[in-house]
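The values are calculated or read from the model by the stated rules, or taken from the named source; none is laboratory data. None of these values were measured; they are calculated from a predicted model. Heads up, the Cβs are rebuilt from the backbone with ideal geometry, glycines too, and the neighbour counts pull from every protein chain shown.
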Amino acid sequence: MKTSDLLLQELRTWGISPAGTLQKKLDISRATLMRGVRELGDAVVSRGQARRTAYAARRAVRGSFDPMALYRIDEHGVAHPSAVLHPLHAKGVALEFLEPPPWPLQDAMQDGWFEGIPYFLDDMRPQGFLGRHFAKNHADVLRVNADPQRWTEDDALYALSLLGADAPGNYVLGDAAMRVLLAQPATQPIPDADCTATYLQLAQSAMIRGQADSSAAGEFPKFTAQRLLGGRHVHVIVKFSGSDGSPGVQRWSDLLVCEHLALSTITQTLGVAAAPSAIYQAGGRTFLEVERFDRVGRSGRLPVCSWAALNAALVGKEAWTDGAAALVQRKLLFAQSYAQLQRLWLFGKLIANTDMHDGNLSYTPGLELAPAYDMLPMAYAPGRGIELQEIDFQPMRPLPSERDAWQAAALAANKFWQTAAQDARISDGFRANCAANARKIAKTTDSTTSG
């Protein structure tokens, strides 16, 4: 068997392999290895320099061995070639960087080797309420499973390269998806006068068919829209409640108002940026409108990466604060960002947010905290979506090392509960819960301070 054939067989069996390892396994000289690589041509991908040089066999995605262009959309809506993505056998990809990436790279990532889809592209995968509708609507055309959680790596790459023109963040993968973006007509933003009527229509459409043009994550029923707010063209995500007035639906409505109040409190009292939001109520529904921080103006985009993607690739910690502490030790995160995150984490604990999973936190380049979002008292969410549960909320007490941050978070949490207790958009029963929780926070604060 020719050396080139042996080399390709080796790479298809063992994946990414350093040059030295290949020489030893095949018992060949470096000159022979280089000759085999040249004979294989585009069937082999090479990354790294000198002793770091490694090779991998190229993988076909849906029968095509062609690499995929990765474009970055800037804040003005202009596309820039950012990298070339090469799928590898039997999994993973190689990125050929055309510009320095804004995200931390460790070990083999620095040479462009990734064991799966590069982590800073992982949020582009369809997920959550909108992602499930995207997959369901396009499953037949894309020949993928209707559940995006069951997609293979090839499924995700293929779908994004064709229809991923409006994925979260500022990247577009593939020429076909880029052409879709370039061909999109300008969208007229919704003015205030038309907001509630349009939102009622969009909610009905989202519940019946699902909206297929975006895949922002999350489980609340939602849709995306473009708004005219104070003369600004703004992209928003809109969560909404049901409309039947049942106890479960009323609780979800209460929680949407609470999320709006929590985000406002974070900005005004906690000293941490949060996504601007607004509440609209019409047709028996409550709408929570949240401004997107990965979009700017009519067509501009900004980079963002979820903690879920960062944590899986770089750290592997359970709590937000544990992961942030590890990043500080590695000098990837500034102490100021850690302090902000600690206050945000403790605030969430003190407002009964039991859903602070990794997808509900994001960073911008330089590992600065992105504006807070999805912060609400999820402990009070109806069980199985409809059943109200009795919650005995007990405010957590701080460790000695958390005391200063805890006091700031407790001050903000007390303000949140008090504000919610007085908000007429919240049901009387839940307002009573909020008032009781404000008293519990105050009592815990007094005992902690005196202790």
Starting from the stretch 335-350, take each residue that is at pLDDT below 95 and list its partners that are among the β-branched types (Val, Ile, Thr), counting only C-beta distances under 8 angstrom and pairs at least six apart or across chains. Ala335/Val328
Entirely in the stretch 23-107, the strands (runs of 3 or more DSSP E) that have 1 or more residues that are within 32 Å of the chain's Cα centre (by Cα) and farther than 14 Å from Pro118 by Cβ: 44-47, 54-57, 68-73, 79-87
Selection from the stretch 404-428 of residues that are part of a helix (DSSP H, G or I), loosely packed, with under 15 Cβ neighbours inside 10 Å and within 34 Å of the chain's Cα centre (by Cα): Asp404
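This table checks each residue for (1) free of Cβ contacts under 8 Å to residues at least 24 places away in the same chain; (2) under 18 Å from Ala379 (Cβ atoms); (3) surrounded by fewer than 17 Cβ atoms within 10 Å (Cβ to Cβ); (4) out of contact with any strand residue (DSSP E or B) (no Cβ under 9 Å at 6 or more places or on another chain).
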site: Gly242; (1), (2), (3), (4): no, no, no, no
site: Gly245; (1), (2), (3), (4): no, no, yes, yes
site: Ser253; (1), (2), (3), (4): no, yes, no, no
site: Ala273; (1), (2), (3), (4): no, no, no, no
site: Thr286; (1), (2), (3), (4): no, no, no, no
site: Glu291; (1), (2), (3), (4): no, no, no, no
site: Asp294; (1), (2), (3), (4): no, no, no, no
Pairs under 6 Å by beta carbon, first residue among the hydroxyl-bearing types (Ser, Thr, Tyr) in the stretch 23-45, partner surrounded by 14 or more Cβ atoms within 10 Å (Cβ to Cβ), six or more apart or different chains? Thr32/Thr3
Within the stretch 183-203, tally of residues that are loosely packed, with under 13 Cβ neighbours inside 10 Å, touching a strand residue (DSSP E or B) at 6+ places or on another chain (Cβ under 8 Å) and assigned to a helix (DSSP H, G or I): 2
Can you pull out the residues in the stretch 367-389 that are on the phi > 0 side of the Ramachandran plot and surrounded by 13 or more Cβ atoms within 10 Å (Cβ to Cβ)? Leu367, Asp374
Assuming Ile266 fulfils every condition listed in (1) out of contact with any Leu (no Cβ under 8 Å at 6 or more places or on another chain); (2) assigned to a helix (DSSP H, G or I); (3) within 30 Å of Asp74 (Cβ to Cβ) apart from one, which condition is it? (1)
